[in-house]
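Presented below is the structure to which this report refers.
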């Protein structure tokens, strides 16, 4: 748990170092989500900026627009898959809701676990995509699943804490508009770097 919290604390410090820029970027990201169509590309571009911030690179809005253009194809594919998978999972959960027999109860729990697992995998997706030399949707999704399975306890805690952050942001409204996207992106990049370094895939990131 300490490593996840350390990563989160570092994400906050990095965010503070680029406070004004990332605040404005989060507002742009949130506005893009409202259009639906621009939501996935804006999310991918936000993670690309987070990667640069973590790597201590100078960043600006030009980098955001460039990243948005470069990832627009794969981000739309990612977004379409999200709609399909979440749609199927929520439909099945709703379909079996209210049924009291053992089979329906078992299936309802199974769909809930799959929903959580899919959410957890997607926390790894964009940081892994940006870290790969060959950036392909299928291989990134596969690597996200492998990372989740290789670090079950870590992934469980990361996903639960991310859900808490999202819930607090939705309830407060302020966090949603100001920091949610950038905090999750920075935190996700740092978490993936930590897991890759632990696996020996990259050198240990600088503190």
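Bear in mind these aren't lab numbers, they're just calculated from the coordinates by the rules spelled out. Please read all numbers here as calculations on a predicted model, not as lab measurements. Backbone-built Cβ (ideal geometry, glycine too); neighbour counts: all protein chains shown.
What's the angle, to the nearest 10 degrees (0 to 90), between helix 39-54's Cα axis and the longest principal axis of the chain? Orientation of helix 39-54: about 50 degrees from the principal axis. Within the listed set 166, 72, 36, the Gaussian network model of the chain (springs between alpha-carbon atoms below 10 Å) gives the highest mean-square fluctuation for 36. Note on residue 30 and residue 132: their simple-model spin labels are 3.2 nm apart, each label 7 Å out from Cα toward Cβ. Dividing the mean sequence gap of close Cα pairs (under 8 Å, 6+ apart) by how many residues the range 1-69 holds gives a relative contact order of 26 percent.
GNM on the chain, alpha-carbon springs under 10 angstrom: the most fluctuating residue among 53, 189, 88 is 88. A Förster distance of 45 Å, applied to the separation of the beta-carbon atoms of residue 105 and residue 72, puts the FRET efficiency at 0.60.
For the Cα atoms of the chain, what angle does the longest principal axis make with the long axis of helix 180-198, in degrees from 0 to 90, nearest 10? Long axis of 180-198 versus the principal axis of the chain: about 90 degrees.
The alpha carbons of the chain stretch over 58, 39, 35 Å along the principal axes, in descending order. Between the range 166-191 and the range 31-85, the alpha-carbon centres lie 15 Å apart.
Shown here is the pair-distance distribution of the range 131-183: with all Cα-Cα distances grouped in 10 Å bins from zero up to the longest one, the shares run 23, 31, 35, 12 percent.
In percent, rounded to a whole number, the relative contact order of the range 136-205 is 16, using alpha-carbon pairs under 8 Å and six or more apart. Extension gain for residue 88-residue 58 works out to 6.7 nm (0.36 nm per residue, less the C-alpha to C-alpha distance).
Remark: relative contact order (the range 89-153) = 25 percent; criterion is Cα-Cα distance under 8 angstrom and separation of 6 or more residues. Dividing the helix sum by the residues of the chain, where each DSSP H run of 4 or more adds -39500 (n - 2.57), gives a mean residue ellipticity at 222 nm of -28000 deg cm²/dmol. Using a Gaussian network model of the chain whose springs link C-alpha atoms within less than 10 Å, name the residue from 86, 129, 154 with the highest mean-square fluctuation. Highest fluctuation of the listed residues: 86.
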